[in-house]
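Heads up, the thing below is written out as structure tokens.
All of the numbers you see were taken from the coordinates with simple rules; none came from a lab. Source: prediction; values computed, not measured. In this analysis, Cβ positions are derived from the backbone assuming ideal geometry, glycine residues included, and neighbour counts consider all displayed protein chains.
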Amino acid sequence: MDKSHDVVLAIDIGDAKLAAALMTMKGELLDRDDVDIDYGLNAEALFASLNEIAQGQLERARTHHNARPVAVGVGCAGPVRPDVVAVSPTNIHAWRSFPLRSKLASATSLNVYGDLGAKALALAEGWLGAAQGRESFLAMVVATSVEGGIVLNGQLLDGATGNAGHVGHILVEPNGRRCLCGSRGCLEAEASGPAIEAITGRSPSEPTYEIMQRTGRLVGRAVASVCNLIDIDLAVVGGSVALGFGATFFNSAQESLDEHSQLSFSKGARIIPARLGGRGPLIGAGAVGLRGLRRAARSG
């Protein structure tokens, strides 16, 4: 039998699903599983749901892939505390300051490394996706929520509490809808899936041309603010809303970005689709795990 190879257990805690996968050191997903988030569960029952698919992947590593899990990497909707010591996803009301890292470490007997889901996606798209070779860019997810991660001069920005990149809370509509964060007119309150449905009465899976245009325009406006602020010229956008709306969304977003990026360094900034699609969040979570392993090796 061939010698076993190392893998990372990648875990993505998204807006609607919990997902787990086995990722090789080269970013290949060997196996994966997911479960819909049951918003009626309490904190411990929801973790049990996550742990069930995580344990299933660990078992498949041993029995199907001859693989040795060496760490857990987590991408989680925010806000989070560094390395997901505690998480409080706005969409998961049962988890408020939930000690995710210690729970996963106890359940898996592995070192756990974590970050915001959109920051994880930035690592993935910079490693294997649409931002390969780029030193500075914004990665975004436009789905049930709107989140972002920023890579600047080759470094993923963390911020004071690890929550840098919350582009969903840039103001795009003064006096607009109330956001879950408590403010009004945030991009998330105007362009996320639930916001689209609340504003238009239509599911984001059945948008009109005007809805796709408006959503793209608002995202482009927010991206322009980021480009003008921190001197970047690329935004990579994924998520079910953005990718589902397709060319109409991206064309409208680019027109809005062009309109509002008029400084010499931001003119010509581009907004493009994420390349990794549905694999991106899990590859990103795995990349967070790899980054944690590298850091631990250096400090050791």
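So the values come out like this:
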| item | result |
| --- | --- |
| Segment 5-116 - Rg over Rh from alpha carbon coordinates, Kirkwood radius | 0.95 |
| Amide proton proximity set for LYS17, modelled H, under 5 Å, gap of 5+ | ILE37 |
| Bins of 10 Å from zero: percent of alpha-carbon pairs in segment 256-300 | 23, 23, 23, 26, 6 |
| Helix axis angle, 280-299 relative to the chain longest principal axis, alpha carbon, degrees | 60 degrees |
| ALA160 paired with ARG62, simple spin-label distance in nm, labels 7 Å along Cα-to-beta-carbon | 4.6 nm |
| Formal net charge of residues neighbouring TYR113 (Cβ-Cβ distance under 15 Å; K, R +1; D, E -1) | +3 |
| Crossing angle, helix 117-128 versus the chain [Cα axis fit, 0-90 degrees, rounded to tens] | 80 degrees |
| Using θ = phi - 60° and Karplus 6.51 cos²θ - 1.76 cosθ + 1.60, couplings along segment 208-222 (whole Hz; Gly, Pro as x) | 7, 4, 5, 5, 4, 5, 4, 4, x, 4, 5, 5, x, 5, 5 |
| For the chain, size of Cβ-based charge dipole, Lys and Arg +1, Asp and Glu -1, in debye | 620 debye |
| 5 angstrom amide H check on LEU116, placed H, neighbours 5+ away | CYS76 |
| Inverse of mean 1/r across different Cα pairs in segment 171-300, Kirkwood, Å | 16.1 Å |
| Summed residue charge, Cβ within 9 Å of GLY168's Cβ, Lys/Arg positive, Asp/Glu negative | -2 |
| Two-decimal Rg/Rh across the chain, once Rg and the Kirkwood Rh are taken from alpha-carbon atoms | 0.97 |
| Magnitude of the charge dipole, segment 5-116, Cβ model with Lys/Arg +1 and Asp/Glu -1, debye to 20 | 300 debye |
| Residue-wise HN-Hα coupling along segment 74-80, computed from phi with Karplus coefficients 6.51, -1.76, 1.60 (Hz; x: Gly, Pro) | 10, x, 9, 4, x, x, 9 |
| Inter-centroid distance (Cα atoms) of segment 25-88 relative to segment 238-253, Å | 28 Å |
| Amide H contacts of ILE271 (H built 1.01 Å from N, under 5 Å, at least 5 apart or other chain) | ALA235 |
| Local net charge near VAL237, Cβ-Cβ under 15 Å (Lys/Arg +1, Asp/Glu -1) | +1 |
| Estimated [θ] at 222 nm from DSSP helical runs (n ≥ 4, -39500 (n - 2.57)) normalised by residues in the chain, nearest 500 | -13000 deg cm²/dmol |
| Aspartates and glutamates with Cα under 16 Å of LYS119, excluding same-chain neighbours fewer than 8 positions away | ASP12, ASP15, ASP83, GLU135, GLU147, ASP158 |
| J(HN,Hα) series, segment 174-184, from Karplus relation 6.51 cos²θ - 1.76 cosθ + 1.60, nearest Hz, glycine and proline x | x, 6, x, 5, 5, 9, 4, 6, x, 8, 10 |
